[in-house]
Structures are given as C-alpha cells and as structure tokens.
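Read the structure below first, then the notes.
Read-outs throughout are calculated quantities, based only on the coordinates presented, and are distinct from any laboratory measurement. Owing to the predicted nature of the structure, the values given are computational and were not obtained by experimental measurement. Neighbour counts are summed over all protein chains in view; Cβ atoms, including those assigned to glycine, are modelled from backbone coordinates with ideal geometry.
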Amino acid sequence: MQTPAKPRTVGIVDVQFGADVTVVQPVNLYGCVIGANTFVGPFVEIQRGAVIGKRCKIQSHAFVCDLVTIGDDCVISHGAMFINDLFATGGPANGDRSLWKSTTLGHHVSVGTNSTILPVNICDYVVIGAGSVVTKDINQPGIYAGNPARLLRLLAPTDYATVANQVANGEAAHANGQLLLSSPAR
C-alpha cells in the first residue's frame, strides 16, 4: 500500500522586500531579495539567493533561479526562464551548487516572453526578443533575438524606453531573427 503524498506549500518564505512591492499570488518566493517598487505577477517562482532590483516587473509564469541578479528598472516578461545548471556532468547537478553558474542582468534590461537566459552577464540597456535563448554574455546595449540570441541592432539609452515599452506591451514581434517594432504613433 502506498503512503499518500504530502503536498508541500511554499508561498512566500524568508523574503527580504523593499518598500511598496506588489505580489499577486499564487507565487513561490523563498530566500530571495526583491527591491522597492517592484511588481511580481502570479505563478512566478523566485528562488533562494536570487536578487531582484528596484522598480522591476516580473510577469506571470517567470522562473528566476538561485544565483540570478537582476538590476533596477528591468522587465522579465511572461514565461521567461533563467537557468543556472548547464548539466556540466551530462545530467542535472542534483543540488550540487558547485556546478551551478550565475547570471547578472544590468539595469534597464527587458527580457521578452518565453525567453531562456543561460548563465551569462547582460549589460545595461538591452532588449531580449520573445522566445530568444541567450547563451553568451551581452556587452553592448542593443536589441537581441533568436536562438542563439544575436544582435539585431545597437540601442542608444534614449531609444531604450520606446523599444522596451513596445516589447512589454506586445507591440513588437519576433520573426525570422527580426524584432518587428510598431511604427511610432503620428
């Protein structure tokens, strides 16, 4: 006879919140740091050791694992995933943290829907198109998309807000390695 399963609940445990953080439950947040004025949508998991900056938006179904640091004013869109285990031994690390790698996002980084971010460093003022897989460090502000993600065009910090808003509001699409942006309203 099998023993009935004991469901575990996590919810929100041992989280350091800045002022005026909004969290829409259900979520799994544990052992992480979330900066002031940040929004965390439903069905998000942010693991122990992750650090989220100020004024960020972490949208529904995002997964932020241990060893991820996200700068200020970032958007992590729906279903975006961060990976810390590259299966260096041919399979999962099974909790062996010495095999995990870290990821750092600078300030003003937008990660599009369903993107996957492997252990990398991403500089300030970067937009990652929807469905992209980031496999290498990004050292120049710009728009990156594809699998693997590659530079589509450089981006001046003054252009960042317009492009990031279009990505966040679903006004930009990714097709055949191109980030298709809406025409500016006239």
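Taking the stretch 138-162 as the region of interest, how many residues are under 17 Å from A80 (Cα atoms) and among the acidic types (D, E)?
The number of residues fulfilling the criteria is 0.
Does the stretch 88-106 hold any residues that are within 20 Å of the chain's Cα centre (by Cα) and of a type outside the set (A, V, I, L, M), and which are they?
As a first pass, look at the stretch 88-106 and keep what is within 20 Å of the chain's Cα centre (by Cα): 100-106.
Within the stretch 88-106, W100, K101, S102, T103, T104, G106 meet the criteria.
Among the numbered criteria (1) among the aliphatic types (A, V, I, L, M); (2) over 15 Å from N121 (Cβ atoms); (3) out of contact with any His (no Cβ under 8 Å at 6 or more places or on another chain), which single criterion is violated by I83?
Failing condition for I83: (2).
Scan the stretch 14-22 and tell me whether some residue there is over 24 Å from S98 (Cα atoms), in contact (Cβ under 8 Å) with a residue 12 or more places away in the chain and aliphatic (A, V, I, L, M).
Restricting attention to the stretch 14-22, the residues satisfying the condition of being over 24 Å from S98 (Cα atoms) are 16-22.
Narrowing further to those that are in contact (Cβ under 8 Å) with a residue 12 or more places away in the chain: 16-22.
After this cut, where a residue has to be aliphatic (A, V, I, L, M) as well, the list is 19, 21.
Yes, the stretch 14-22 contains at least one residue that is over 24 Å from S98 (Cα atoms), in contact (Cβ under 8 Å) with a residue 12 or more places away in the chain and aliphatic (A, V, I, L, M).
Return yes or no: is H78 under 23 Å from K136 (Cβ atoms), of a type outside the set (V, I, T) and either in contact (Cβ under 8 Å) with a residue 24 or more places away in the chain or in a loop (DSSP other than H, G, I, E, B) (or both)?
Working: under 23 Å from K136 (Cβ atoms): no; of a type outside the set (V, I, T): yes; either in contact (Cβ under 8 Å) with a residue 24 or more places away in the chain or in a loop (DSSP other than H, G, I, E, B) (or both): yes.
Here the answer is no, as H78 does not meet what is asked.
Restricting the search to the stretch 1-44, which residues are of a type in the set (S, T, Y), out of contact with any Gly (no Cβ under 9 Å at 6 or more places or on another chain) and within 16 Å of H78 (Cα to Cα)?
none
Among what's in the stretch 53-102 and is of a type in the set (S, T, N, Q) and over 16 Å from I34 (Cα atoms), pick the residue that is surrounded by the fewest Cβ atoms within 10 Å (Cβ to Cβ).
The initial filter retains those residues of the stretch 53-102 that are of a type in the set (S, T, N, Q), namely 59-60, 69, 77, 84, 89, 94, 98, 102.
Next, only the ones that are over 16 Å from I34 (Cα atoms) stay: 77, 84, 89, 94, 98, 102.
On the way: S77: 23, N84: 22, T89: 11, N94: 8, S98: 6, S102: 14.
Step by step, filter the stretch 53-102, then rank; the result is S98.
Conditions: (1) in contact with a Leu (Cβ under 7 Å, 6 or more places away or on another chain); (2) outside any strand (DSSP E or B); (3) among the β-branched types (V, I, T). T158 meets all but one. Number of the miss?
Among (1) in contact with a Leu (Cβ under 7 Å, 6 or more places away or on another chain); (2) outside any strand (DSSP E or B); (3) among the β-branched types (V, I, T), T158 violates only (1).
Among (1) assigned to a strand (DSSP E or B); (2) under 19 Å from G131 (Cβ atoms); (3) among the hydroxyl-bearing types (S, T, Y), which single condition is S60 missing?
So the condition that S60 fails would be (1).
May I ask you to list the residues in the stretch 4-47 that are outside any loop (DSSP other than H, G, I, E, B) and surrounded by fewer than 13 Cβ atoms within 10 Å (Cβ to Cβ)? Explain how you work it out, then say what you get.
In the first step, residues of the stretch 4-47 are kept if they are outside any loop (DSSP other than H, G, I, E, B); the result is 12-13, 16-17, 22-23, 28-30, 33-34, 39-40, 45-46.
Within the stretch 4-47, V13, Q16, T22 meet the criteria.
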